[in-house]
Every structure is written in C-alpha cells, then in structure tokens.
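**Student:** Just passing along the structure, written as structure tokens.
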Ligand SMILES: Nc1ncnc2c1ncn2[C@@H]1O[C@H](COP(=O)(O)OP(=O)(O)OP(=O)(O)O)[C@@H](O)[C@H]1O
Ligand SMILES: [Mg+2]
C-alpha cells in the first residue's frame, strides 16, 4: 500500500541569528493509511518539529516528503494551506478554540477556507458534535465548556473537512487522566473508522492506545515498535 | 457570505475589548463623513440658490450699464451716473447681434409720488419697454401691461409695485386710479406681482414702471438710458454675446484699443460671487476638517487593528493551520478595519444629511442632496479603513501557526 506520509532523510535546521541548530537529523518514516501511531521522546527531542513537518505547517530544510503522493518540499504557501485544509486535521494541547465564536462555528472554521464548501456543512458539523456528545452545547461559547469538552469540540473541528490524517500534539496534556482516556478512546474510534492518527506524547499510558510507537531522540528515530 | 458574517461576529467580539478606542476611531470617521456630506450638500444648495437668484433677475440675462463699475458684490448697486448708453445702442444690439433674443433699454430715477394727501418722497421710477416683464422676469398680477402703443404715444400710464401700492392705496385696488409722479399725473394700469428683494437687497416691489419714451420725454428729458437689459437666446449664448456686445459698443462709442470702456457688461455670476467666495472658504475649511477627522479616524483604526491582530495571534495561527491562505487573512482584517470605518461613515452620512437639511432650512436655501458629496464621503470612509488596515493585516500574515503552538504548547 502506498504510504500516506513518506519521509526520506528529512532534516530541519532552525536558524537564530548566526546560530543554526539542526533539530531533525535525517528522519526516514513511512505511515500507511489507517495507522494509529504515537511519537514518543523526551522534551526537546524534536517531536513537535516532526509533527509540524508531517502536518505541512512547516517545510523540511532538506530531504523528501510526500503527503498523499504529493511532494511537499518547494510548495508555495498557498498550496500548503490547501494541503492542510483538505488532508489534515489538527488537535492541539491547548485546544485553541476561537473565544468569540460558538462551538458550532468553531467546528465549521475549516469549511470557511474550502473552495467547494458543502451546503450541508452545518449538518455535518452537528452530526460530529452529536458523535462526541456536545450537541446540546453547540451554541455555547468555548469558555463555558470543560477542558475535555473543548478538546472534543477541537477534534470535531479537525474532522470537519474529512481529512485522511489526524495529528494530535499532546492532546491530553492539559486533561486529567480520566478525561484523557475519553479523548484517546475518541481518537481510537476515529482510527477504527479509517482515519490515520498520529499522536505526540511522552506519556506511555497515552502511547499505549496507539498500534505503533515511534521513538525519537536527539532528532533521529531510534526505535520502532508495533503491537 | 457565511464566512463574512462569522468573521464579523468574531471581530465585534474582539472589538468589545477595546470599546473606548473603537468609539474614538469611529468618531473620527464619523466627523470626517459628516463634514464632507454637509459641505457637499451646502455647496450644492448655494449653487441652486445662486441659480434661482440669477433666474429671478431674468433668464439668460446680460446687463449693460453705462460707466464703469469698479466693485462687484451683493451690496453694489447697479447704478451709475454716467450717461452714455443710448436707445441707439440698444437698437444696434437688437439688430446686429442675432444671439440677443430681446433687448430692453431702461432708465430710472427717483421721484416723489403723491396720491391725495399721501406723499412718498423718493420712489424709483423706471422707464421700460413693453418686453421688460419677459426680459427681467417681472410679472403683472392685475391689470394690463405697458404696450408698444403706450410707449409710442408716450402715454402717462404706470405699473405699480406691491409695496408702493400698499403705501398709497392700502387695501384699495389701484388699477384705474391716477397718481402724481413728480408733476405728471399718471394712470395706474396694473399691479406687479410680488418679487421680494434682489441680490443687492433692494425691495423690488417698491417701484413704478412707466413707458420708456414717456420717461425720457416727460421726466428726464434725455436721450440716454441707464441700463440695457439683453436676453440671450440660450445659456450657451451668454458668454459669446457679452463679448459681441462689448465689441459693438466700443465701436459705436469710438473707444480706441488703449482706452477703457465707458460702459460695463455685468456678469451676474460675479454679482453673486462674494457669497460663493464665502461658501468656498467654508468648503475648504470643511474639507480640511474632514481630512483631519479621517486622519484621526484612520490612525485610531490603525492602532486598534494592531492591538486586535496581537490579541488574536492564536486565532490567526489556527486559521492558518486549518487552511486559510495569507490573502484570506489580509482580506479578513481589511474587512474588519473598513467595517469599523464604514460604520462610522454610515452614521456620519446620516447625521450629515440631517444637519445640512437643517442648515439649508435655517439659511433659507433650497435643500439639496449632493450625491457626489455622499459618494465622496462613503469612498473616503472605506478608503481610510482599508488604508489603516493594510499594515496590521500584513503584519497578521507574518504570524505562523508553528510559533503559536510553540509559545503555548
Ligand atoms: N522555531 C524554532 N526556532 C528555533 N528553535 C526551535 C524552533 N522550534 C523548535 N526549536 C528547538 O528544537 C528543539 C526541538 O523542539 P520540539 O518542540 O520539536 O521538541 P519536543 O520534542 O516537541 O519537546 P516537548 O516535549 O517539550 O514539546 C528544541 O530544542 C527547540 O528549542
Ligand atoms: Mg512538543
């Protein structure tokens, strides 16, 4: 099966003034459609940097990266936006819901930048909110929701454009363990429904939900294990 | 559409955090549009008023006065003591200049007027030709006009102005009565319709009109007239005709190239020029005030937008992450900044309309709505919003989702 994400010798160097820090030092990685992977590693090992590259929020300094068969390196900013919009859903540690919009409006956000915005986008959003049990709160502003509820809303937003790939960077970092389990169950459910899910975490209990664990240390993948 | 509404709602929510600043910026744009609309409408009102005043004097009217007039303005009487315009001049204009549709020479002088025991010391008595009422827009309310025959036979008949009639006759109908003008008994054949004050402020209803020949033979014993009123065939004909009249009269009066005219061709627009100058000054001041207000408004919007972009870094990062392009972000913030200015502009336009209608009513001007003024004001408010939004919206595009995620985890 052709991988959804294919990285070959991907490097990322950050430049700060005269200093250049190489954070990713040659990543080779293939993620097949339908996988549920966890990226683990100590703080500062480069997990988020890798995640940002996978999610096309940033581009590699060198190497090759194919997302859904498309070469990412050398793409224009607008093309990256389009790629993210169509293929990737993001879930962040801090939820990042817009405070002045309702939960429903937050979920609809990705459709605003979709050329072929569907007429029934709102129905789809409500359906997603029902799926995560937030239907009754969809007219609320995010600040009236608990952390777990906010993260569930954020997952709905990530799913809104029906992307193949769900990326979650420490999605449970601000949640208690019971709520964290809820969120991870939800992500697992999405994986069962066919989404490719990649989670960044340093918590082994969270990583345990994944079917594959990618360990990264000092900018290189040191160990791979699959259940 | 949905995106615009949602963005607007988010923007309003965010503006709520900067209520005072927003109010100040909106106020700046408000005053800017207000002054533009008021100035635009009042200039138009004044132009209308001037047109009405000129039309009131007579349609397409050119006035030739004997002697030089050195000063124009609302209070310059169109009177000169020089006596070098003749009936012959008037005839020459009528015969040789086709653009002159009607020519009505006129003489005038103040005389005492008496009826029974009532004596009016000095009433302006005008010697006029039969067509003066068409040329100068004087209507006869009652009775009959002065005819060619009245003029040819030098009949002692008079048309009386409303004010004079009231002074001499009170409620009585003057038509058919005889009055003594100077020492000549004249029969009143008609009463003029009310006309009010002229541009110079003189009561045009306090005068008498008698046939020109009667006036020249029996009252002043002269061949000269004070004024020749010429009605041009059309508005476009006015300016060329003025030149033709000047050239013709210079030849007839034997004026050499290096000599000054001994007559004046009055431009009615110049007569009303002083009022227009005052209005021009108001317009300029109003536009300066408008420009200053717009500048303040735009700077206010600029500062708010910078704050807003800063406050909404996370929002921008998330929008970029879910797929908005840079130009979507630019468009969003330009729309927000022009929304602020247009909302100020809309209130300013409404207030400006009301205010200019009120001012026109107080000044007794015809009220006029200047579409150009409204469009300018609207364009200026949109433009100030967009201009003020350019820098903040470009700044917004430098916000990268990666930086947001990194700073907040
Ligand atoms: N934009 C950047 N500019 C400079 N240095 C950066 C940038 N992004 C990341 N780094 C550096 O790269 C290294 C890896 O950062 P990254 O955020 O990928 O680590 P991480 O594994 O996600 O850590 P954590 O578990 O703490 O989130 C760090 O040393 C970080 O300071
Ligand atoms: Mg990280």
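**Student:** Please compute P(r) over all alpha-carbon pairs of the range B:79-210, binned at 10 Å starting from zero, and give each bin as a whole-number percent.
**Tutor:** Result returned by the calculation: 12, 42, 34, 10, 1.
**Student:** Hey, with R₀ at 56 Å, roughly what FRET efficiency would residue B:154 and residue B:357 work out to, going by the Cβ-Cβ distance, to 0.05?
**Tutor:** The value I calculate is 0.60.
**Student:** Turning to a different aspect of this structure: Determine the calculated [θ] at 222 nm for chain A from helices alone, applying -39500 (n - 2.57) to every DSSP H run no shorter than 4 residues and normalising by the residue count; nearest 500 deg cm²/dmol.
**Tutor:** -9000 deg cm²/dmol, from helical runs alone.
**Student:** With chain A treated as a Gaussian network of Cα nodes joined by springs under 10 Å, which of A:154, A:188, A:121 yields the largest mean-square fluctuation?
**Tutor:** In this elastic network of chain A, the residue with the biggest mean-square fluctuation among A:154, A:188, A:121 is A:121.
**Student:** To continue, here is another question. Full extension from residue B:84 to residue B:391: what is 0.36 nm times the residue separation minus their Cα-Cα distance, to one decimal in nm?
**Tutor:** This chain segment gains 103.4 nm when fully extended.
**Student:** Now for a different question. Taking neighbour counts of Cβ atoms within 10 Å as a proxy for exposure, in what order, fewest first, do B:335, B:305 appear?
**Tutor:** Ranked by crowding around the Cβ, least crowded first: B:335, B:305.
**Student:** Would you compute the Debye intensity of the range B:1-71 from its alpha-carbon atoms alone, equal scatterers and no solvent, and pass along log10 I(q)/I(0) at q = 0.20 Å⁻¹ to two decimals?
**Tutor:** Values, matching the q order: -0.96.
**Student:** Per the helix-only calculation at 222 nm, which mean residue ellipticity applies to chain B, given -39500 (n - 2.57) for every DSSP H run of n ≥ 4 and division by its residues, nearest 500 deg cm²/dmol?
**Tutor:** Helix-only estimate at 222 nm: -18000 deg cm²/dmol.
**Student:** So how far, in whole Å, is the C-alpha centre of the range A:1-58 from the one of the range B:150-177?
**Tutor:** Here the two parts' Cα centres lie 108 Å apart.
**Student:** With each pseudo-label sitting 7 Å past Cα toward Cβ, what's the residue B:285-residue A:146 distance in nm, one decimal?
**Tutor:** Placing both labels 7 Å beyond Cα along the Cβ direction yields 6.8 nm.
**Student:** Anyone know which of B:352, B:364, B:190 comes out most mobile in the 10 Å Cα GNM of chain B?
**Tutor:** B:364
**Student:** Angle between the Cα long axis of helix B:326-363 and the longest principal axis of chain B, 0 to 90 degrees, nearest 10?
**Tutor:** 30 degrees
**Student:** Roughly what % of DSSP beta bridges within chain A run antiparallel, to the nearest 5?
**Tutor:** 55 percent
**Student:** Then there is this: With each pseudo-label sitting 7 Å past Cα toward Cβ, what's the residue B:48-residue A:220 distance in nm, one decimal?
**Tutor:** Taking the simple label geometry, residue B:48 and residue A:220 are separated by 8.6 nm.
**Student:** What is the mean projected area of the alpha carbon convex hull for chain A, to one decimal in square nanometres?
**Tutor:** 12.9 nm²
**Student:** GNM, chain A, Cα, under 10 Å: largest mean-square fluctuation among A:215, A:152, A:139?
**Tutor:** Taking springs between Cα atoms under 10 Å, the residue moving most is A:139.
**Student:** While we're looking at this one, here's another question. Can you give the FRET efficiency to the nearest 0.05 for residue B:5 and residue B:239, using r as the Cβ-Cβ distance and R₀ = 60 Å?
**Tutor:** According to the calculation, E is roughly 0.60.
**Student:** Going by alpha carbons, how many degrees (0 to 90, nearest 10) lie between the helix axis of A:177-192 and the longest principal axis of chain A?
**Tutor:** Result, in degrees: 80.
**Student:** Is there a simple number for the mean count of other chain Cβ atoms within 10 Å of the Cβ of residues in B:3-15, and what is it?
**Tutor:** Counting other chains' Cβ atoms within 10 Å and averaging over B:3-15 gives 3.
**Student:** Against the globular-protein guess of 2.2 N^0.38 Å, express the Cα radius of gyration of the range A:129-227 as a ratio, rounded to two decimals.
**Tutor:** After normalising by residue count via 2.2 N^0.38 Å, the value is 1.15.
**Student:** So what's the gap between the Cα centers of the range A:153-173 and the range B:339-409, to the nearest angstrom?
**Tutor:** Going from one Cα centre to the other spans 39 Å.
**Student:** At q = 0.11, 0.18, 0.26 Å⁻¹, work out log10 I(q)/I(0) for the range B:138-207 with the Debye formula, treating every Cα as an identical point scatterer and leaving solvent out; two decimals please.
**Tutor:** Reported log10 I(q)/I(0), two decimals: -0.27, -0.70, -1.20.
**Student:** Okay, next question. Can you give the % of DSSP beta bridges in the protein assembly as shown that are antiparallel, to the nearest 5?
**Tutor:** 70 percent
**Student:** With no solvent and one point per C-alpha, what does the Debye sum give as log10 I(q)/I(0) for chain B at q = 0.09 Å⁻¹?
**Tutor:** Those come out to -0.69, one per q.
**Student:** Equivalent-ellipsoid semi-axes (√(5λ), Cα gyration tensor) for the protein assembly as shown, whole Å, largest first?
**Tutor:** Three semi-axes, in Å: 93, 24, 18.
Each reported figure results from applying straightforward, stated rules to the coordinates on display, with no laboratory input. These figures come from a predicted structure and were not determined experimentally. We place every Cβ from the backbone using ideal geometry, glycine too, and count neighbours over all the protein chains shown.
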